[in-house]
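Below is one structure, written out as C-alpha cells; comments come after it.
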Amino acid sequence: MELIGDRYLGGVMRGRMEGYGYYTLPTGTEYRGSLWDGMFHGKGELLLPTGGGYRALWHRGVTTQGKYTFADGLEYDEEKWRYCDGYDRRFYTEIRSGFKPPGIPQLTNLDPPKIIPEGCYDCGDGFYDPKTRVVVDYKRKFLRNADDEEHEWILRTCRKAWVITTEHKPKPENSFS
C-alpha cells in the first residue's frame, strides 16, 4: 500500500489509484474499496462523517447498484420504503425499541436529541443559523451555505432551539410604595 498525500492509502499503478484503497474526500467522507485507473470500480463503500454509509458496486466511477444505511442502522430501500411515509410517523429508534412512556416525548430519532444552539435549527445533518444562512455539522464544522429554498424549508419544518427557559424566576418586587 502506498500513501499519496493525506487523502489516499492503497495500491498505485502508473501513478493512479488502483486495487484496494482508502480515499478521503474533502468533505470527510471516506471511500473504502476497489479502484481502477483512479476511479471507484468494483465493490466499495462511502462512509459519511455523520455515521451513515453507502455500500455499492461501481463501474468506472458510477454506481450500478447500492444501498444507503443511516447511522442508526435503518436501510433505505427505494422500492419498499415504509419509514415516515405518512401512515406510520414513528422514528426508527421507536420502531426498533418501542415507545417511551406517556408524557415523555421523543423529539428526534436521536434520543436524547442534540441541544440546538440559541437561534438555530436542527436540520438533520447539523445546525442551521438563519442569520448567517450557514449549516454546520453537529461538531460545528462548516457543511454548506443554504440557498433560499433550503432556508425556507428549514424555517418551516425543522426543530428550533428553545426560546423560553424552564427555570424558576422570582417575581419582581413591586417598587411602588
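The values are calculated or read from the model by the stated rules, or taken from the named source; none is laboratory data. What you are looking at is a predicted structure, and each value in this text was computed from that prediction instead of being measured. Neighbour counts are summed over all protein chains in view; Cβ atoms, including those assigned to glycine, are modelled from backbone coordinates with ideal geometry. Only protein heavy atoms, including side chains, enter the accessible area calculation; ligands, DNA and RNA are left aside. Shrake-Rupley method; radii C 1.70, N 1.55, O 1.52, S 1.80 Å.
Tally time: how many residues in the stretch 20-34 are assigned to a loop (DSSP other than H, G, I, E, B), open to solvent by 40 Å² or more (accessible area, probe 1.4 Å) and hydroxyl-bearing (Ser, Thr, Tyr)?
Number satisfying all stated conditions: 1.
Just the residues that are without any contact (Cβ under 8 Å) to a residue 60 or more places away in the chain and either out of contact with any helix residue (DSSP H, G or I) (no Cβ under 7 Å at 6 or more places or on another chain) or surrounded by fewer than 15 Cβ atoms within 10 Å (Cβ to Cβ) (or both), please, taken from the stretch 118-129.
Hits for the stretch 118-129 are GLU118, GLY119, CYS120, ASP122, GLY124, GLY126, PHE127, ASP129.
I'd like to verify a number: residues in the stretch 92-122 that are of a type in the set (Phe, Trp, Tyr) and closer than 24 Å to ARG140 by Cβ, how many?
Total satisfying the criteria: 1.
Given GLN106, GLN65, which one is more than 22 Å from HIS151 (Cβ to Cβ), in contact with a Lys or Arg (Cβ under 7 Å, 6 or more places away or on another chain), free of Cβ contacts under 8 Å to residues at least 40 places away in the same chain and of a type outside the set (Phe, Trp, Tyr)?
It is GLN106.
In this structure, is LEU155 modelled with pLDDT of 80 or more and either part of a strand (DSSP E or B) or in contact with a Gly (Cβ under 7 Å, 6 or more places away or on another chain) (or both)?
No; evaluated as a whole, the condition is false for this residue.
Give me a count of the residues in the stretch 7-29 that are of a type in the set (Asp, Glu) and farther than 21 Å from THR64 by Cβ.
So the answer is 0.
Among the residues of the stretch 1-19, write down those that are assigned to a strand (DSSP E or B), open to solvent by 40 Å² or more (accessible area, probe 1.4 Å) and hydrophobic (A, V, I, L, M, F, W, C).
Selection gives LEU3, ILE4, LEU9, VAL12, MET13.
Just need a number here: residues in the stretch 35-90 that are small (Gly, Ala, Ser), surrounded by fewer than 13 Cβ atoms within 10 Å (Cβ to Cβ) and closer than 25 Å to ARG16 by Cβ.
1
Does LYS141 satisfy the criteria of being modelled with pLDDT of 85 or more, open to solvent by 100 Å² or more (accessible area, probe 1.4 Å) and on the phi < 0 side of the Ramachandran plot?
Yes, satisfied.
Any chance the stretch 26-44 includes a residue that's out of contact with any strand residue (DSSP E or B) (no Cβ under 6 Å at 6 or more places or on another chain), of a type in the set (A, V, I, L, M, F, W, C) and under 28 Å from GLY124 (Cα atoms)?
no
Within the bounds of the stretch 98-121, is there any residue that is modelled with pLDDT under 75, aromatic (Phe, Trp, Tyr) and part of a loop (DSSP other than H, G, I, E, B)?
Looking through the stretch 98-121, none of the residues is modelled with pLDDT under 75, aromatic (Phe, Trp, Tyr) and part of a loop (DSSP other than H, G, I, E, B).
With ILE104, ILE115, ILE95 as the choices, which residue is β-branched (Val, Ile, Thr), closer than 25 Å to THR27 by Cβ and open to solvent by 40 Å² or more (accessible area, probe 1.4 Å)?
Checking each option against the conditions leaves just ILE115.
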